[in-house]
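Each remark here refers to the structure printed beneath this line.
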């Protein structure tokens, strides 16, 4: 049986899966708080990192998600990107 090839980021995803979830949640929450509280480019950089992480995780499960969930994920990614861009203005 032919299986689809794994994405190039599969080793990174496997490494993230080994980290305890509460550490990932605390790390993302700290980056989000820092991004919202820090002015200028430091805050924008933290928010952009969260946008990149969220977009990457969404892309890994995009094919198996229903359309409404895809729309919600796009809205969240767009809102975070807009917040990051507004930090630069």
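In region 37-79, which residues are crowded, with 16+ Cβ neighbours inside 10 Å and farther than 24 Å from residue 10 by Cα? Selection gives 43, 44, 45.
In region 74-89, the residues that are within 12 Å of residue 41 (Cβ to Cβ) reach residues that are in a loop (DSSP other than H, G, I, E, B) with C-beta atoms within less than 9 angstrom, at least six apart or across chains, in these pairs: 87/38; 87/39.
The residues on offer are 53, 74, 24, 60, and the sole one that is at pLDDT 95 or above and touching a helix residue (DSSP H, G or I) at 6+ places or on another chain (Cβ under 9 Å) is 74.
The values are calculated or read from the model by the stated rules, or taken from the named source; none is laboratory data. Just so you know, these numbers come straight off a predicted model, no measurement behind them. All Cβ positions, glycine included, derive from the backbone under ideal geometry; neighbour counts span all protein chains shown.
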